[in-house]
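Trainee: To start, I am sharing the structure in question, which I have written as structure tokens.
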Amino acid sequence: MGTIRSMQMFGPYERPGWAGPVTISDNDPFTLYEIAEANPRRVMGIIVPVTTKGRPSAPSPLSGFSTGMNWGTDKGHLMALDLGGPDISANIVPQTSLWQQSGGWRAVETNAQTLAMQWMGIGDVYDPGGDIPMPAAAAFLSVAPYSEVQVTTGQPLQYIGTVTKIIPTGSGYNTHPDEETHIFQIEPDGTWWPRGAKKAW
């Protein structure tokens with residue numbers, strides 16, 4: 001797969017220019033070695049909180065594994081659409097249905113969005129088709145699925161990630177003086193938990 005940089009969100013919508021692309025890579029995030037894993041190994045980008053009303057059905061996972069009732073899995077976005085993630089196969093892995101919809105993984109997404117909105121100083125999500133102004137502070141998300149997967153479903157066996165407070169510049173971002181980072185680690189069907197975070201979620 002190499003590295004993909006996408007400005008797409010879902011349907012006709014694109015990320016605002018100041019937020020830049022979401023980067024998806026099959027590099028091992030801990031060694032930077034190129035590996036030929038079916039699932040992406042790292043997804044990262046600035047969070048853009050948006051409503052997903054009217055979103056189309058998600059594409060199939062990059063890995064080629066089937067999802068649905070027979071397997072008990074859904075098409076799970078590594079960077080959620082309501083965080084400004086792209087609705088493309090490279091951003092999707094099989095995930096246990098209820099865990100993805102309303103369980104531990106959804107809690108990760110919800111907490112990430114809450115932090116982003118607090119740091120951006122907004123009380124509601126944006127319309128993806130409207131004007132999304134550059135905030136004074138924002139949140140940068142990084143998600144790294146482990147390479148090991150469930151043999152029958154292709155679901156990653158663990159995820160680790162961070163949500164970091166940043167200052168958007170319009171052409172990238174700078175470290176925020178608060179240096180606030182929230183770290184999470186989670187396994188399928190489990191609940192999220194902070195991992196060595198400077199501040200608990």
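Trainee: In the range 84-99, which residues are surrounded by 24 or more Cβ atoms within 10 Å (Cβ to Cβ) and on the phi < 0 side of the Ramachandran plot?
Mentor: Taking the range 84-99 first, the residues surrounded by 24 or more Cβ atoms within 10 Å (Cβ to Cβ) are 84-86, 91-95.
Gly85, Pro86, Asn91, Ile92, Val93, Pro94, Gln95 - these are the residues of the range 84-99 that are surrounded by 24 or more Cβ atoms within 10 Å (Cβ to Cβ) and on the phi < 0 side of the Ramachandran plot.
Trainee: Inside the range 120-188, counting only strands (runs of 3 or more DSSP E) that do not spill past its ends, which hold 3 or more residues that are under 30 Å from Phe65 (Cα atoms) and touching a Ser or Thr at 6+ places or on another chain (Cβ under 8 Å)?
Mentor: The qualifying strands (runs of 3 or more DSSP E) are 138-145, 159-168.
Trainee: Tally time: how many residues in the range 100-130 are free of Cβ contacts under 8 Å to residues at least 24 places away in the same chain and either over 12 Å from the mean Cα position of the chain (by Cα) or crowded, with 21+ Cβ neighbours inside 10 Å (or both)?
Mentor: Qualifying residue count, the range 100-130: 7.
Trainee: Restricting the range 23-74 to residues that are assigned to a strand (DSSP E or B) and modelled with pLDDT under 90, which is least open to solvent (accessible area, probe 1.4 Å)? Walk me through how you get there before you give the answer.
Mentor: Our first condition is that a residue be assigned to a strand (DSSP E or B); within the range 23-74, this holds for 23-25, 27, 34, 42-46, 50, 68, 73-74.
Filter once more, keeping what is modelled with pLDDT under 90: 25, 27, 34.
On the way: Ser25: 12, Asn27: 31, Glu34: 126 Å².
It comes out as Ser25.
Trainee: Okay, next question. Can you tell me how many residues within the range 1-16 are farther than 19 Å from Pro61 by Cβ, in a strand (DSSP E or B) and under 14 Å from the mean Cα position of the chain (by Cα)?
Mentor: The total comes to 1.
Trainee: If you don't mind, another one. Give the number of residues within the range 132-169 that are of a type in the set (D, E, K, R) and either on the phi > 0 side of the Ramachandran plot or touching a residue at least 12 places away in the same chain (Cβ under 8 Å) (or both).
Mentor: Total satisfying the criteria: 1.
Trainee: So, in the range 170-193, exactly how many residues are β-branched (Val, Ile, Thr) and within 22 Å of Ile24 (Cβ to Cβ)? Spell out the reasoning first.
Mentor: Step one: filter the range 170-193 for residues β-branched (Val, Ile, Thr), giving 175, 181, 183, 186, 191.
This time we only want the ones that are within 22 Å of Ile24 (Cβ to Cβ), so: 181, 183, 186.
Going through the range 170-193 one residue at a time, the tally reaches 3.
Trainee: While we're looking at this one, here's another question. Restricting to the range 133-178, what's the tally of residues that are among the hydrophobic types (A, V, I, L, M, F, W, C) and open to solvent by 40 Å² or more (accessible area, probe 1.4 Å)? Before the answer, list the steps.
Mentor: Start the filter on the range 133-178 by keeping residues that are among the hydrophobic types (A, V, I, L, M, F, W, C), which leaves 134, 136-141, 143-144, 149, 151, 157, 160, 163, 166-167.
With open to solvent by 40 Å² or more (accessible area, probe 1.4 Å) added as a condition, the list becomes 134, 136, 149, 151, 157, 167.
Count: 6.
The values are calculated or read from the model by the stated rules, or taken from the named source; none is laboratory data. Just so it is clear, the structure is predicted and the values come from calculations on it, not from any experiment. All Cβ positions, glycine included, derive from the backbone under ideal geometry; neighbour counts span all protein chains shown. Calculation scope for accessible area: heavy atoms of the full protein, side chains included, ligands and nucleic acids excluded. Shrake-Rupley method; radii C 1.70, N 1.55, O 1.52, S 1.80 Å.
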